[in-house]
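Only one structure is covered here, and it is reproduced in the block below.
The values are calculated or read from the model by the stated rules, or taken from the named source; none is laboratory data. Keep in mind it's a predicted model, so treat the numbers as computed, not measured. Here the Cβ positions follow ideal geometry from the backbone for every residue, glycine too, while neighbour counts run over all protein chains shown. Areas reflect the complete protein model, heavy atoms only, side chains present, ligands, DNA and RNA absent. Shrake-Rupley method; radii C 1.70, N 1.55, O 1.52, S 1.80 Å.
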Amino acid sequence: MRTYPQRSVVTGLIAIMALAFGFVAAAQLRTQLITPSNRVERNQALVRSVQELERVNASDRQRITQLRQQISGQEARAAERDAATRQLHDEVANLRAHAGETALRGPGVTVDLGNGRPSGNSSAESQNYLADSQDVQDVVNLLFAAGAEGVAVSGRRVTPLSGFHGQAGTVVIDQGPPLLAPFHIAAVGNRSQMEEMLNDAGTLGDLRYRQSQFGIQLSWSGSPALSIPASDSSLQVTYAQPD
């Protein structure tokens with residue numbers, strides 16, 4: 001009679017062990033069946049992520065290329081504007097220099113023009129020995145024609161609008177004070193060409209004639225560095241005003 005309970009216990013233990021083994025086997029089987037699917041999904045997700053990143057990177061690279069092209073275009077246009085600005089600045093500077101608004105320094109020539117010897121003649125030619133405004137104007141025009149960038153007469157700057165007048169032995173430039181002979185004319189510019197023109201006996205005919213006949217003093221020399229001041233007179237013509 002006692003053997004039956006023992007068998008029941010053993011049978012129960014066997015059944016419990018079989019059930020536990022079945023759960024373990026089922027778990028292992030489930031793991032074996034699900035894990036490959038998860039790996040495939042994970043790999044597919046990774047592939048999609050990589051593909052999306054590649055698309056994003058490609059788009060970014062294309063955008064970077066476009067931005068670089070835009071930057072290059074902007075830089076080129078800026079360089080053109082800078083070049084144009086520099087050119088305009090240089091043109092304005094040259095115009096201001098030729099208008100006498102700025103001081104000039106550079107190679108050039110100096111011309112000294114002075115009175116000659118009185119002849120003692122009481123006729124109208126008695127003042128031919130005096131250097132006058134026409135003589136100064138002739139020299140200034142010659143220097144400009146020979147490549148002068150700026151000219152000053154006895155320290156007074158000459159501009160394209162300058163006028164010369166005065167009695168014999170004096171010259172008035174624009175509305176400035178009278179300048180007395182001897183006149184010191186300084187010109188900055190093409191030194192060699194100005195010296196060549198001054199050395200040409202065919203220029204300044206009347207002045208050279210009076211130099212030989214009445215002793216008008218005319219001499220010049222070149223210099224590697226001269227300075228002439230800016231104009232100190234108004235560019236407005238004060239002697240010709242509208243009504």
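In terms of the Cα gyration tensor, with a ≥ b ≥ c the square roots of its eigenvalues, is segment 101-210 rounded because a/c is under 1.5, prolate because a/b exceeds b/c, or oblate?
Note, shape of segment 101-210 comes out oblate.
Carbon and sulfur together cover what percent of the accessible area of segment 166-215 at a 1.4 Å probe radius?
51
Enter the accessible area per residue of segment 128-203 (Å², integer; probe 1.4 Å; all protein chains in place).
Per residue, segment 128-203 has an accessible area of 42 Å².
For residue 92, what charge total do you get from the other residues with a beta carbon under 12 Å from its beta carbon, if Lys and Arg give +1 and Asp and Glu give -1?
-1
Between residue 91 and residue 68, what is the label-to-label distance in nm when each label sits 7 Å out along the Cα-to-Cβ direction?
Label-label distance for residue 91 and residue 68, simple model: 3.7 nm.
Starting from the Cα-Cα distance between residue 81 and residue 47, subtract it from 0.36 nm times their residue separation and give me the gain in nm to one decimal.
Extending this stretch completely gives an extra 7.2 nm.
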